[in-house]
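Remarks on the structure that follows.
Read the figures in this text as sums done on the coordinates, not as results from a lab. Fair warning: this is a prediction, and the values are worked out from it, not measured in the lab. Cβ coordinates were reconstructed from backbone atoms using ideal geometry, including for glycine residues, and neighbour counts include every protein chain displayed.
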């Protein structure tokens with residue numbers, strides 16, 4: 001099935017941020033992401049490497065933020081055409097080739113993220129035919145995810161290649177799933193098709209994230225577990241600002257970016273850009289801009305961004321420039337620059353919240 005295309009209207013005005021991107025640099029980065037996209041719509045990390053569904057979607061969202069709606073729609077075509085019968089996708093495909101999966105695990109957060117991208121594309125294009133075509137995809141994906149929810153509200157990490165469910169839950173992944181469930185509920189609301197199971201799942205998951213850290217594997221060395229509950233919208237307001245402040249000095253390296261994992265002397269572009277989005281979402285745009293300016297040293301001559309930098313060795317590592325790193329940078333700048341669809345998706349103030357469970361007397 002081919003989705004009718006919205007007109008191609010590339011735009012970079014809101015992707016200009018002093019000290020981060022000029023209009024020319026933004027256009028160069030957008031072109032860099034498009035250069036990685038295959039003819040069938042797949043966006044691997046870079047050509048010859050693998051595609052995973054989450055990062056593929058993140059890159060597509062960046063294309064939409066730049067007005068490259070046709071290229072983004074082709075990325076969603078790829079997801080629609082290659083979804084597994086159970087609603088999932090495999091965790092990795094060689095160079096985005098659907099016939100060559102390299103990891104047959106089916107991860108819940110990878111599968112759920114299609115809802116975030118679909119809602120973002122709809123807000124950017126108001127393409128009803130697109131939403132009609134993607135609704136069965138989103139519904140099957142989120143149903144796959146909800147089936148792995150545990151009694152405590154957390155979502156199991158994945159199904160193994162043989163179908164065995166993994167009940168262990170990851171805080172970062174579950175925070176992303178929470179975001180996806182809320183976007184899925186927004187799509188359902190737009191279509192007038194209530195999904196009460198998703199409402200219950202989103203509320204229970206949010207409560208687990210906010211109040212029950214013991215229900216998740218301990219990955220507190222990783223910066224994503226620090227900021228993702230905020231980025232995914234489960235922790236908000238003063239609580240969110242306090243959370244980000246609490247471990248700021250552990251993870252943020254002034255002038256260089258955000259560490260991926262403690263105690264390694266390694267800052268990464270993706271984590272830095274996601275933290276900037278979280279900071280914008282809690283009302284700290286100036287601080288978000290500072291974080292984005294700090295990773296200017298990761299920008300390569302082709303407009304793409306190195307994945308990370310080992311500052312004790314003065315070396316970029318790994319030696320790769322990924323579409324999703326560039327995509328996360330464009331999305332963070334778009335939010336700061338006033339792009340309405342990106343702000344609606346990551347600000348989350350108008351997204352349905354789900355139903356809070358009656359648990360431990362807390363909301």
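Two-decimal Rg/Rh of region 36-120 from alpha-carbon positions, Kirkwood Rh? Taking Rg over the Kirkwood Rh, I get 0.93.
Once the Cα-Cα distance is subtracted from the 0.36 nm per residue extended length, the residue 94 to residue 191 segment shows a gain of 31.4 nm. Computed extension gain for residue 84 through residue 35, at 0.36 nm per residue and net of the alpha carbon distance, reaches 15.0 nm. Projected label points at residue 320 and residue 102, each 7 Å from Cα along the beta carbon direction, are separated by 0.7 nanometres. Shape annotation for region 102-160: C-alpha extents along the principal axes are 36, 31, 16 Å, from largest to smallest. Shown here: the chain, whose C-alpha atoms stretch 49, 47, 38 Å along the first, second and third principal axes, sorted largest to smallest. When Rg and Dmax are taken over the Cα atoms of region 94-136, they come to 13.3, 35 Å. Counting pairwise Cα distances across region 284-363, what percent come out greater than 18 angstrom? Looking at region 284-363, the distances longer than 18 Å represent 58 percent of pairs.
If you model region 222-363 as an ellipsoid using its alpha carbon gyration tensor, with each semi-axis the square root of five times an eigenvalue, the axes come out at 28, 18, 12 Å, biggest first. Dimensions of region 237-286 based on its C-alpha atoms, expressed as ranges along the principal axes with the largest first, amount to 30, 18, 15 Å. Report note on the peptides 79-92, 263-276, 188-201: ranked by the mean count of other C-beta atoms within 10 Å, highest first, their order is 263-276, 79-92, 188-201.
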